[in-house]
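Asker: Please find one structure pasted underneath; my questions will follow.
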Amino acid sequence: MLLDLLKHRRAVRHFDADKPLDSATVRHCLEQAQLAPSSSNLQLYEFYHITGKATLEALATACLSQQAATTATQMVVFVCRQDLYRQRTQAMFALESENLRRHSPPDKLEKRLKANVGYYGKFLPFLYARDFGLLGPLRKVLFGTVALFRPMYRDCGEADIRVVVHKSCGLAAQTFMLAMSEAGYDTCPLEGLDSGRVKKILGLPRGAEINMIVACGIRKEGHGIWGDRQRLPFAEVYRERTD
């Protein structure tokens, strides 16, 4: 059950070096991670599955030598790739066009295909483009003007779109960690890291961004979990509107 997986998943700080992971199982968990929702289904991310000892050691140092990193038997680096927006929009345009042809009623197919051209062929490339930071303010002005007259998407600046890309990548990372929990494996998401060094280790281009690194292994009994899970009272975070 999902509740059992949620309770089992903890940020494990110390992995057992004598209990290796099956790389094929971790890869399968990453395949499941790709089922996570992604904004406009662009999947502007990459998963770097690290199993080699030398790279694991280099990444552990880049992760500030945290114990979760130094004891991990494998790692996955979740990388945001907004710089691939042109390739991904083109790929999804082609896939969605075929999807529409398979499932749309004949009388609505032409209209939906035309809308698909506008969305993946024009709107999304304009929304995700950076162009040295010049398009963000332009989008703000254009979308803000339209919003004066009707509801309109407003979070269209450079920082806004970057957040969208990282959210989609984060959803994939969370799905991966739950899949790992189902497989009987443990994880620890790491954000305390030197992103510049991580990018250099992996040979990533300038436009790539590190979302998080997930250390993987099997928890060392008596050491892996640091106490009980603590959460704020639910009333502190829950709000219901009944009007």
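The values are calculated or read from the model by the stated rules, or taken from the named source; none is laboratory data. Computed from a predicted model, the values in this text were never measured in an experiment. Please note: Cβ atoms are built from the backbone with ideal geometry, for glycine as well, and neighbour counts cover all protein chains shown. Surface areas here come from the heavy atoms of the whole protein model, side chains and all, with no ligands, DNA or RNA. Shrake-Rupley method; radii C 1.70, N 1.55, O 1.52, S 1.80 Å.
Asker: Give the residue that is nearest to the chain's Cα centre (by Cα), with candidates limited to residues of segment 81-93 that are in a helix (DSSP H, G or I) and basic (K, R).
Answerer: From segment 81-93, those in a helix (DSSP H, G or I) are 82-93; that's our starting set.
Now narrow it down to the ones that are basic (K, R): 86, 88.
On the way: R86: 18, R88: 15 Å.
Among them, the one singled out is R88.
Asker: Output the residue which, of all residues in segment 94-143 that are exposed (fewer than 14 other Cβ atoms within 10 Å of the Cβ) and not in a helix (DSSP H, G or I), is modelled with the lowest pLDDT.
Answerer: My answer is L134.
Asker: On to the next question. Can you pull out every residue in segment 17-30 that is farther than 13 Å from E182 by Cβ and open to solvent by 90 Å² or more (accessible area, probe 1.4 Å)?
Answerer: Scanning segment 17-30 gives D18, P20, R27.
Asker: Under the condition of being surrounded by 10 or more Cβ atoms within 10 Å (Cβ to Cβ) and either in contact with a Cys (Cβ under 8 Å, 6 or more places away or on another chain) or of a type in the set (G, A, S) (or both), which residue from segment 199-211 is nearest to R9 (Cα to Cα)?
Answerer: N211
Asker: Further, regarding this structure: Within segment 154-182, can you find the residues that are closer than 30 Å to Q32 by Cα and not in a helix (DSSP H, G or I)? So that I can check it myself, show each step before the final result.
Answerer: So in segment 154-182, the residues closer than 30 Å to Q32 by Cα come out as 155-156, 158-182.
Correct list: D155, C156.
Asker: I've got another one for you. Does any residue in segment 4-29 that is aliphatic (A, V, I, L, M) come within less than 6 Å, Cβ to Cβ, of a residue that is at pLDDT below 95 and open to solvent by less than 40 Å² (accessible area, probe 1.4 Å) six or more places away or on a different chain, and which pairs are these?
Answerer: V12/G224
Asker: So for segment 38-51 (the condition being part of a helix (DSSP H, G or I), open to solvent by less than 60 Å² (accessible area, probe 1.4 Å) and in contact with a strand residue (DSSP E or B) (Cβ under 9 Å, 6 or more places away or on another chain)), does at least one residue qualify?
Answerer: No, segment 38-51 has no match at all.
Asker: State whether one or more residues within segment 59-76 are open to solvent by 50 Å² or more (accessible area, probe 1.4 Å), outside any loop (DSSP other than H, G, I, E, B) and β-branched (V, I, T). Write out each step before concluding.
Answerer: Residues of segment 59-76 that are open to solvent by 50 Å² or more (accessible area, probe 1.4 Å), as a first pass: 61, 64-67, 70.
If we keep only those that are outside any loop (DSSP other than H, G, I, E, B) as well, we get 61, 67, 70.
Among the residues that remain, those that are also β-branched (V, I, T) are: 61, 70.
There is at least one residue in segment 59-76 that is open to solvent by 50 Å² or more (accessible area, probe 1.4 Å), outside any loop (DSSP other than H, G, I, E, B) and β-branched (V, I, T).
Asker: Would you please name the residue that is surrounded by the fewest Cβ atoms within 10 Å (Cβ to Cβ), looking only at residues in segment 144-182 that are closer than 30 Å to D4 by Cα and of a type in the set (S, T, N, Q)? Break it down stepwise before answering.
Answerer: Narrowing segment 144-182 to residues closer than 30 Å to D4 by Cα: 164-182.
Adding the requirement that they be of a type in the set (S, T, N, Q) leaves 168, 174-175, 181.
Working: S168: 22, Q174: 16, T175: 18, S181: 19.
Selected residue: Q174.
Asker: Given the condition open to solvent by 50 Å² or more (accessible area, probe 1.4 Å) and assigned to a helix (DSSP H, G or I), answer yes or no: does some residue in segment 213-225 qualify?
Answerer: For segment 213-225, residues open to solvent by 50 Å² or more (accessible area, probe 1.4 Å) and assigned to a helix (DSSP H, G or I): absent.
Asker: Would you mind stating whether H8 is on the phi < 0 side of the Ramachandran plot, of a type outside the set (V, I, T) and surrounded by fewer than 16 Cβ atoms within 10 Å (Cβ to Cβ)? Working first, answer last.
Answerer: Values: on the phi < 0 side of the Ramachandran plot: yes; of a type outside the set (V, I, T): yes; surrounded by fewer than 16 Cβ atoms within 10 Å (Cβ to Cβ): yes.
Yes: the conditions hold for H8.
Asker: While we're looking at this one, here's another question. Scan segment 146-180 residue by residue and report those that are modelled with pLDDT of 95 or more and hydroxyl-bearing (S, T, Y).
Answerer: Once the filter is applied, which keeps residues that are modelled with pLDDT of 95 or more and hydroxyl-bearing (S, T, Y), segment 146-180 yields S168, T175.
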